[in-house]
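Everything on this sheet refers to the single structure shown next.
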Amino acid sequence: MFIEPQLGKERKGWIEVVCGSMFSGKTEELIRRLKRAQIANRKVEIFKPTIDTRYDDVNVVSHDSNSIRSTPVSHSENILLLADGVEVAGIDEAQFLDNELPNVCEKLAKRGVRVIIAGLDMDFEGRPFGPMPQLLSIADYITKVHAICVQCGDIAHFSYRKSANKSKILLGEKDSYEPRCRTCYYKGEQI
């Protein structure tokens, strides 16, 4: 275990998950937490899936154009190698990574790393998405953020796909998705 020299105490790791629908502010919250860790002079490393190139090939970028430098990874096991010596590890768009991610996060937390994960908890069909259910079950802290339903103005936690594409993974923005509350989600045509 890592011992912080200035405190003489064992450094404790933990797992935080920020989840919700599209346009709910998950990445914004991830960036906020990581930047605060950087201000606190913690050694921080950020990761994102290589397939997420919507705004930038390398940087994690929120819908509000806030960004932070990251390292794209094709497989979650790569994070273990690249996070050697870090105190805080951030992972964006976790739903696009493989099902080994929960084990990777557990290993990091056991090393004394604070792991902050952001991702969609449900896919466009309203079903649990990728490794997110397992991450939520092992998380020490969970923050569920909500968008605003574009149909009625209530709190939204569903990502409604506006296109007929049935692919599980479809990278898109407001042209392809909109946040909806439960009622408006189920009123829409099931595509």
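The values are calculated or read from the model by the stated rules, or taken from the named source; none is laboratory data. Not measured: the values here are computed from a predicted model. Cβ: placed from backbone, ideal geometry, glycine included. Neighbour counts: every protein chain shown.
Figure legend. Inter-residue proximity from the stretch 88-99: first residues farther than 13 Å from CYS19 by Cα and in contact (Cβ under 8 Å) with a residue 60 or more places away in the chain, second residues among the β-branched types (Val, Ile, Thr) and not in a loop (DSSP other than H, G, I, E, B), beta-carbon distance below 9 Å, spacing 6+ or different chains. Indicated pairs: GLY90/ILE31; GLY90/VAL44; GLY90/ILE46; GLY90/VAL60; GLY90/ILE68; GLY90/VAL115; GLY90/ILE116; GLY90/ILE117.
Select from the stretch 125-161 the residues that are of a type in the set (A, V, I, L, M, F, W, C) and closer than 15 Å to CYS184 by Cβ and list them in ascending order.
ALA147, ILE148, CYS149, VAL150, CYS152, ILE155, ALA156, PHE158
Of the residues making up the stretch 84-93, those that are at pLDDT 95 or above and either β-branched (Val, Ile, Thr) or surrounded by 21 or more Cβ atoms within 10 Å (Cβ to Cβ) (or both) are VAL86, VAL88, ALA89, GLY90, ILE91.
Tell me, which residue of the stretch 104-158 that is acidic (Asp, Glu) and within 17 Å of the chain's Cα centre (by Cα) is surrounded by the most Cβ atoms within 10 Å (Cβ to Cβ)? Walk me through it before giving the result.
Taking the stretch 104-158 as the starting set, the residues that turn out to be acidic (Asp, Glu) are 106, 121, 123, 125, 140, 154.
Right, trim to within 17 Å of the chain's Cα centre (by Cα) and you get 106, 121, 123, 140.
Values: GLU106: 16, ASP121: 25, ASP123: 18, ASP140: 13.
Among them, the one singled out is ASP121.
Take VAL61 and tell me if it is at pLDDT 95 or above and β-branched (Val, Ile, Thr). In short, no. Scanning the stretch 44-55 for residues that are out of contact with any strand residue (DSSP E or B) (no Cβ under 7 Å at 6 or more places or on another chain) and among the charged types (D, E, K, R), which turns out modelled with the lowest pLDDT? Checked the stretch 44-55; the qualifying residue modelled with the lowest pLDDT is ARG54.
Give the residue that is surrounded by the fewest Cβ atoms within 10 Å (Cβ to Cβ), with candidates limited to residues of the stretch 1-38 that are at pLDDT 95 or above and β-branched (Val, Ile, Thr). It comes out as ILE15.
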